[in-house]
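S.K.: Would you mind keeping the following structure in view while I ask a few things?
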Amino acid sequence: MYQSAMPCNSSHKPASTLYNKRLMAALCCVVLCVLAVFTAQLAHATPSQPFTLDAASSGKSVNAYVDYFIDNSDQMTVEEVAASANFIPTEGRAGFSPSMHPLWLRLRLERAADMQPRWLIELQPFYVNEISFYAPDGKGGFTRKTSGGDYPFSTREIEYRQYVYPVDLSTEGTMTLYWRIQSPAALGIPVSVWRSVDWSNSVLIQYAFFGLCFGVMLGLALYNLLIYIRVCDNLFLLYFCMIASFTVFAADYIGLADHLIWPADSAPWSGRSPALSNLYGIFIVLFARRLLDSPQLSIWFSRFMLLVAGLYGVGVMAALAGYPIVAGILTQYLTAAWLLPVLLVAVWRTHQGFWPASFFLIGYGPLLVFLGVWVLIAENVLEANFVTQYGAIAAGAWEAIFFSQALAERLNALKRERELALKMVLQTQQEKLLESQKHEAELECKVVERTARLEEEAQAHQQTIEQLQASERLLANMAYRDPLTNLPNRRMFNDQFAYCLSAAKRHGDSFALVLLDLDRFKEVNDTVGHDAGDAVLIEVAKRLQGAVRSLDMVVRHGGDEFALLLVAPVTEAEVASIIQRVFAAFSAPLHFAGQSLSINSSAGVALYPRDGLDQKQLYKSADTALYAAKAAGTNMCRVFNQSSGEVQSAPLA
């Protein structure tokens, strides 16, 4: 039996081995087929055609002509990439999923024969840690220019919030450009070509749009901060922190903070973007919790919102500790966690008639939509254009407006609640009064008398409040206005001068200070009377305001002394034209009580920065010129040139 069993076992074992070998061979065939298909797709990926620069190319997107390549080794040089990388056409896509490996982009350009050789290539990613640009150096190699969010702003080729690269296509043929982009976040990278003039005009329009949106947000934030200082309601402080943090986060996300806020020569903090987004999350959650709070809400809502705010705080600390990816993950998941409950609570509170909740929904809706649009751009679902990329900035301004309205409506709601409570109290008192009338007539008389006294006191108190408010308005006007001419006084002049000086230094512009003194004004006071002198001063103020530009300031320093602050930007020719209009305004006689009065003036002019770098120097220069003008006779203008130390006889000659 032992011998008969042996052949059976030996014959079964080879069959099992043969089955395993066949299974392994089949799996190997499947793997080889998959690799063959994938390799064939890469091998047959037709590179994008070169983009030809012609008269209609400026401002166009060239993403349809861009190829991309993911460097899984993280170590390939541009020469290796140019020689052996299998680039895949983007087919117009501008979004790329998150990757820890470098993303290479390739763009090939040709120039029409009648086109200028110098063009600008603009990349508009939201935020990248590092971006390197490679262009042919004419010697068979490449020039490299590296910048990005982890590098100082001064490393950029052109000082602009996004990445703009000048290229010179003087030589004939096709120029191939490469970019190496390193960022762990999802990328949206619109690429466009520009002529310098068209790009400058586009930048002006963009910055005007950004200035409007950020101006609205910062203005409302500061306004509500002042309200917080007055009323000490923490909700207004939360509003200020929320709008301010979103403003800084949005400015950093679109590159505006690199241009205008962060130091240009120092390496920025790489985790600032996720830290700012988590910081905004803290304040929006606390603001929503406080605004939508109600006694009918369960305590779980308040605790849940505090927990979310605490986790956002963990995200901020993670970014500070050098873990921006952790902070970014917290931002995404926490937003998804609290958004739906808050929206449901806001809808429920709106259904209850709590109108601040409706303003919350109206204000947050567009911002929520455009934040989702940012995600869809990165996932290549939506096309990246000016509206989809920067609509969230306008939505942030929209949020600031309607959240501010929510605060105002909340104050109105509290006021109505107080009025309703007062009405209920009064109604209860009246019921008790009617009940007591049946029993004690004397007590009724006393209550009626007391009520009348209270009403009188309330009216007197209201009158006192109205008088105090009127006095406050009058004092505020007197603090900054001349009581006779209603022109700005020296205090307002000093404030405006400081602002003009700061703006001129920042933008490199020029502004002018003109000191005016009326000639023979004392004769009018002595011969016709002080009433005539006052009438002359009032008329002079009107004529001066009509002679200058709408942005300029006419100031009365006292007596017959006036000053003109011609704000930047202003040229010497414009200053001369304004002074001519001023002298022309004095050419017509003034009439008072049937008498014709002739008034002339002398003027001294000083220009920033030529005649002084601060208020004291400019005022001294203008005063020196005025003294020389009065010494030369009536109706004269002189300009003091500080660099030469001479007084010029002709206006700004």
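S.K.: With a 1.4 Å probe and all protein chains kept in place, how much accessible area does residue 130 have, in Å² rounded to the nearest 10?
M.R.: Approximately 40 Å² of residue 130 is accessible to the 1.4 Å probe.
S.K.: With Cβ to Cβ distances under 14 Å as the rule, what net charge do the other residues near residue 423 carry (K, R +1; D, E -1)?
M.R.: Values: positive: 415, 416, 418; negative: 417, 419, 431.
Once positives and negatives cancel, what remains is 0.
S.K.: Compute the Kirkwood hydrodynamic radius of the stretch 498-558, taking the inverse of the mean of 1/r over all pairs of distinct Cα atoms, and give it in Å to one decimal. Spell out each step's value before the answer.
M.R.: On the way: mean 1/r = 0.0718 Å⁻¹.
Mean inverse Cα-Cα distance, inverted, gives 13.9 Å.
S.K.: Defining a contact as two alpha carbons under 8 Å apart and six or more residues distant in sequence, what relative contact order in percent does the chain show? Don't skip to the end; give the middle numbers.
M.R.: Working: 984 pairs, mean separation 55.2, N = 653.
Here the relative contact order equals 8 percent.
S.K.: Can you compute the FRET efficiency between residue 54 and residue 348 using 1/(1 + (r/R0)^6), with r the Cβ-Cβ distance and R0 = 60 Å? Round to the nearest 0.05.
M.R.: Values: r = 58 Å, r/R0 = 0.97.
For residue 54 and residue 348, the calculated efficiency is 0.55.
S.K.: For residue 495 and residue 631, calculate 0.36 nm times their separation in residues minus their Cα-Cα distance, and state this gained length in nm to one decimal. Don't jump to the answer; show the numbers that get you there.
M.R.: Details: separation 136, 0.36 × 136 = 48.96 nm, distance 3.09 nm.
Extending this stretch completely gives an extra 45.9 nm.
S.K.: How many Å² of accessible area per residue for the stretch 114-238, probe 1.4 Å? Before the final figure, lay out each step's value.
M.R.: Working: 5590 Å² over 125 residues.
I get 45 Å² per residue for this part.
S.K.: Quote to one decimal, in nm, the extra length available between residue 97 and residue 64 on full extension: 0.36 nm per residue of separation minus the C-alpha distance between them.
M.R.: Working: separation 33, 0.36 × 33 = 11.88 nm, distance 1.78 nm.
In short, 10.1 nm is gained.
S.K.: Here's something else I'd like to know. Please list, by residue number, everything in the stretch 176-207 whose backbone N is under 16 Å from a paramagnetic label point 7 Å out along Cα→Cβ of residue 314.
M.R.: Flagged as within label range: none.
S.K.: Could I ask something else about it? Lys and Arg at +1, Asp and Glu at -1: add these up for the other residues within a Cβ distance under 13 Å of residue 412 and post the number. List each step's numbers first, then the result.
M.R.: Numbers: positive: 410, 415, 416, 418; negative: 409, 417, 419.
For residues surrounding residue 412, the net value is +1.
S.K.: Kindly flag which residue pairs out of 415/438; 505/620; 522/616; 522/542; 415/446 have an alpha-carbon separation exceeding 24 Å in this structure.
M.R.: Numbers: 415/438 35 Å; 505/620 19 Å; 522/616 28 Å; 522/542 20 Å; 415/446 31 Å.
415/438; 522/616; 415/446, as the Cα separations exceed 24 Å there.
S.K.: What number comes out for accessible area per residue over the stretch 599-653 if the probe is 1.4 Å? Units Å², please. Write out the running numbers ahead of the final one.
M.R.: Values: 2530 Å² over 55 residues.
On a per-residue basis, 46 Å².
S.K.: May I ask you to list, by number, the DSSP H helices of the chain whose Cα span along the axis is at least 24 Å and whose average Kyte-Doolittle hydropathy reaches 0.0 or more? Let's see the in-between values first.
M.R.: Numbers: long enough: 2-43 (61 Å, 0.69); 196-231 (51 Å, 1.29); 234-253 (28 Å, 1.50); 272-291 (28 Å, 0.79); 299-320 (32 Å, 1.75); 324-351 (40 Å, 1.28); 355-378 (36 Å, 1.85); 386-437 (74 Å, -0.05); 441-480 (59 Å, -0.60); 490-507 (25 Å, -0.78); 530-547 (25 Å, 0.07); 615-632 (25 Å, -0.44).
Flagged H segments are 2-43, 196-231, 234-253, 272-291, 299-320, 324-351, 355-378, 530-547.
S.K.: Based on DSSP H runs of at least 4 residues, each adding -39500 (n - 2.57), what is the mean residue ellipticity at 222 nm of the chain after dividing by all its residues, to the nearest 500 deg cm²/dmol?
M.R.: On the way: 16 runs with 371 residues, N = 653.
Value at 222 nm, helices only, nearest 500: -20000 deg cm²/dmol.
S.K.: With a sphere of radius 13 Å drawn around the Cβ of residue 246, what net charge do the other residues whose Cβ falls strictly inside it have (Lys, Arg +1; Asp, Glu -1)? List each step's numbers first, then the result.
M.R.: Details: positive: none; negative: 252, 399.
Result for the local shell: -2.
S.K.: Here's a follow-up. List the GluC sites (Glu not before Pro) in the stretch 148-189 that DSSP assigns to loop (not H, G, I, E or B) and whose Cβ has at most 11 other Cβ atoms within 10 Å. Which are they?
M.R.: Values: sites: 157, 159, 172; in loops: 157, 159, 172.
Listed in order of number, the matching sites are 159, 172.
S.K.: Just the number, please: carbon plus sulfur as a percent of the accessible area of the stretch 65-162, 1.4 Å probe, no ligands or DNA/RNA counted.
M.R.: About 46 percent, which is the carbon plus sulfur part of the accessible surface.
S.K.: What is the spin-label model distance, in nm, from residue 572 to residue 301 if the labels are put 7 Å beyond Cα along the C-beta direction?
M.R.: Result: 6.8 nm between the two label points.
S.K.: Which value, in Å² rounded to 10, gives the accessible area of residue 100 with a 1.4 Å probe and all protein chains present?
M.R.: 120
S.K.: Once fully extended, how much extra length lies between residue 114 and residue 469, figured as 0.36 nm per residue of separation less the alpha-carbon to alpha-carbon distance?
M.R.: Details: separation 355, 0.36 × 355 = 127.80 nm, distance 7.08 nm.
Using 0.36 nm per residue and subtracting the Cα-Cα distance, I get 120.7 nm.
S.K.: Here's a follow-up. Sticking with the crude label model, points 7 Å out along Cα→Cβ, report the distance from residue 337 to residue 232 in nm, one decimal please.
M.R.: 3.5
S.K.: For the stretch 81-141 and the stretch 407-486, what is the separation of their C-alpha centers, rounded to whole Å?
M.R.: Going from one Cα centre to the other spans 71 Å.
S.K.: Continuing with this model, one more query. Kindly identify the stretch 196-323 as rounded, prolate or oblate by the Cα gyration tensor criterion: order the square roots of the eigenvalues as a ≥ b ≥ c, call it rounded if a/c is under 1.5, otherwise compare a/b with b/c, prolate if a/b is larger, else oblate.
M.R.: On the way: a/c = 2.60, a/b = 1.56, b/c = 1.67.
Judged from the Cα gyration tensor, the stretch 196-323 comes out oblate (a/c at least 1.5, b/c at or above a/b).
S.K.: If the convex hull of the alpha-carbon atoms of the stretch 408-542 is projected onto planes in all directions, what is the mean projected area in square nanometres?
M.R.: So the Cα hull casts an average projection of 16.8 nm².
S.K.: Also, quick follow-up: Give the shape of the stretch 541-652 as rounded, prolate or oblate, defined through the alpha-carbon gyration tensor: a ≥ b ≥ c are the square roots of its eigenvalues, a/c under 1.5 means rounded, and otherwise the shape is prolate if a/b is larger than b/c and oblate if not.
M.R.: Details: a/c = 1.98, a/b = 1.56, b/c = 1.27.
Prolate.
S.K.: A further question on this structure: From the gyration tensor of the Cα coordinates in the stretch 107-243, what semi-axes in whole Å does the equivalent ellipsoid have, largest first, with each one equal to sqrt(5λ)? Present the calculation step by step, with values, prior to reporting the outcome.
M.R.: Working: eigenvalues 352, 64, 22 Å².
Equivalent-ellipsoid dimensions as semi-axes: 42, 18, 11 Å.
S.K.: Something else about it: Would you indicate which of (1) 27.0, 89; (2) 24.4, 82; (3) 37.1, 153 is the value of Rg and Dmax of the Cα atoms in Å derived from the coordinates of this structure?
M.R.: The calculated read-out lines up with (3).
S.K.: Please work out the average accessible area per residue across the stretch 398-550, using the 1.4 Å probe convention, and give it in Å².
M.R.: Ligands and nucleic acids excluded, the figure is 67 Å² per residue.
S.K.: Rank 636, 115, 242, 478 by accessible area, highest first, at a 1.4 Å probe radius?
M.R.: Numbers: 636 55, 115 30, 242 0, 478 110 Å².
I get 478, 636, 115, 242, largest accessible area first.
The values are calculated or read from the model by the stated rules, or taken from the named source; none is laboratory data. Everything quoted here is computed from the prediction, not taken from an experiment. We place every Cβ from the backbone using ideal geometry, glycine too, and count neighbours over all the protein chains shown. Remember, those area values only see protein heavy atoms, side chains included, never the ligands or the DNA or RNA. Shrake-Rupley method; radii C 1.70, N 1.55, O 1.52, S 1.80 Å.
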